[in-house]
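Input: a single structure, listed below in structure tokens.
The values are calculated or read from the model by the stated rules, or taken from the named source; none is laboratory data. Only a predicted model underlies this, so the values are computations on that prediction, with no experimental measurement involved. Glycine also receives a Cβ, built like all others from the backbone with ideal geometry; neighbour counts cover every protein chain displayed. All accessible areas refer to the heavy atoms of the entire protein, side chains included, with ligands and DNA or RNA removed. Shrake-Rupley method; radii C 1.70, N 1.55, O 1.52, S 1.80 Å.
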There are 2 protein chains.
Amino acid sequence: MDLSNKKCKPYEGGVTPLNDEEIAEYRKHIRDDWKVIENRKILKEYLFVNYRHSMDFINKVANIAEEEGHHPVMHVFYGKVVIELWTQAIDGLAENDFIMAFKIDVL
Amino acid sequence: MDLSNKKCKPYEGGVTPLNDEEIAEYRKHIRDDWKVIENRKILKEYLFVNYRHSMDFINKVANIAEEEGHHPVMHVFYGKVVIELWTQAIDGLAENDFIMAFKIDVL
């Protein structure tokens, strides 16, 4: 599995959320500081020296989100950004979430 | 009280959080869809048609935050932004928070 070459796919219905085993497999392909929350979402904290740096980061994430058509929830603090990824249409995790996580980490 | 002409002041110590009465007074000078949470923070939800519009908004808020030296926590969803204001140094509300709320509302 090489997430770097993948693009997020538009949701077309009939997709089920990744199961525990699949999540564990995808998990290996992103950095290990992503937390898996109840096998329904993934979350990561990024630390920055100030607000401007936090803002620069989330603008880059937003650009990827627009390119990929998959939009994380972002929490912006003075020197910290928390990124949350899940797939709303299935209320769980899909490949798209791991593709986004991978692309955010190589920013 | 005219918040539009005020600027946020740097914290210089010895400041106590606004009390209930003072909060009620400041509250009158910002739009009434700001929620006061336990008299310790104020919070408002802004709705947008898409992520790009949410991002445009938070970038404008971040510019004001940098100008004023007072930085809200911002939660960014696809079509919604939640802004939270409080003054960390006093773990409560200060005039700065209401000045920021006022300035965000007139963006």
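Residues considered: B:ALA94, B:ALA65, B:ALA24. Largest GNM mean-square fluctuation over chain B, using C-alpha springs under 10 Å, is found at B:ALA24. About the centre of its Cα atoms, chain A shows a dipole size close to 380 debye [charges on the beta carbon of Lys, Arg (+1) and Asp, Glu (-1) only; nearest 20 debye]. Once the chymotrypsin sites (Phe, Trp or Tyr not before Pro) in DSSP loops with at most 16 neighbouring Cβ atoms within 10 Å are cut out of chain B, the longest remaining piece is B:12-77. Our summary gives segment B:1-91 a relative contact order of 31 percent, counting only alpha carbon pairs under 8 angstrom and 6 or more residues apart. Take B:ARG27, move 7 Å from Cα toward the beta carbon, and the resulting point lies 4.5 nm from the same point in each other copy, nearest first. The charge dipole of segment B:40-97, taken about its Cα centre with unit charges on the Cβ atoms of Lys, Arg (+1), Asp and Glu (-1) only, comes to about 320 debye. Specify whether the C-alpha gyration tensor of segment A:31-87 places it in the rounded, prolate or oblate class, a ≥ b ≥ c being the square roots of the eigenvalues: rounded for a/c under 1.5, otherwise prolate if a/b is larger than b/c and oblate if not. Note, shape of segment A:31-87 comes out oblate. Across the identical copies, the 7 Å label point of A:SER4, projected outward along Cα→Cβ, sits 5.5 nm from its counterparts, in ascending order. Rolling a 1.4 Å probe over the protein heavy atoms gives the protein assembly as shown an accessible area of 53 Å² per residue. By the rule of a C-alpha distance below 20 Å, with chain neighbours fewer than 8 residues away ignored, the aspartates and glutamates paired with A:LYS9 are A:GLU22, A:GLU25, A:GLU66, A:GLU67, A:GLU68, A:GLU84, A:ASP91, A:GLU95, A:ASP97, A:ASP105. Where does the longest stretch of chain A lie that holds no trypsin sites (Lys or Arg not before Pro) found in a DSSP loop with 14 or fewer other Cβ atoms within 10 Å? Result, exposed sites excluded: A:32-107. Shown for A:ILE90: label points 7 Å from Cα along the beta-carbon vector, and their distances to the equivalent points in the other copies, 5.0 nm in ascending order. Along segment B:24-32 the Karplus relation, 6.51 cos²θ - 1.76 cosθ + 1.60 evaluated at θ = phi - 60°, assigns HN-Hα couplings of 4, 5, 4, 3, 5, 9, 10, 4, 7 Hz to successive residues, with x for each Gly and Pro. Residues whose amide H comes within less than 5 Å of that of A:ASN39, counting only those at least five positions distant or on another chain, are absent (H built at 1.01 Å from N in the peptide plane).
Among residues of chain A, the one whose Cβ lies closest to the rotation axis carrying chain A onto chain B, together with that distance rounded to whole Å, is A:HIS75, 3. Only the Cβ atoms of Lys and Arg (+1) and of Asp and Glu (-1) were treated as charged; on that basis the dipole of the protein assembly as shown about its Cα centre amounts to roughly 380 debye.
If the viscosity is 0.692 mPa s and the temperature 37 °C, what translational diffusion coefficient in µm²/s does Stokes-Einstein give for the protein assembly as shown when Rh comes from Kirkwood over Cα pairs?
175 µm²/s
Across segment B:86-102, coupling constants 3J(HN,Hα) worked out from phi with the 6.51/-1.76/1.60 Karplus curve, θ = phi - 60°, read 7, 10, 4, 4, 10, 6, x, 9, 9, 3, 3, 5, 6, 4, 4, 4, 4 Hz, and Gly and Pro carry x. Using only alpha carbons, segment A:1-44 has a radius of gyration to Kirkwood radius ratio (Rg to Rh) of 0.96. Loop-located GluC sites (Glu not before Pro) in segment A:30-107 (DSSP state other than H, G, I, E, B) with a sparse environment of at most 12 neighbouring Cβ atoms within 10 Å: A:GLU38. Taking a straight Cα-Cα cut-off under 20 Å and skipping sequence neighbours fewer than 8 places away in the same chain, the lysines within cross-link reach of B:LYS44 are B:LYS28, B:LYS35, B:LYS60, B:LYS80, B:LYS103.
The B and A chains share an interface that buries close to 1600 Å² of accessible area, total over both sides, probe 1.4 Å. Out of every Cα-Cα pair that chain B contains, those further apart than 25 angstrom amount to 16 percent.
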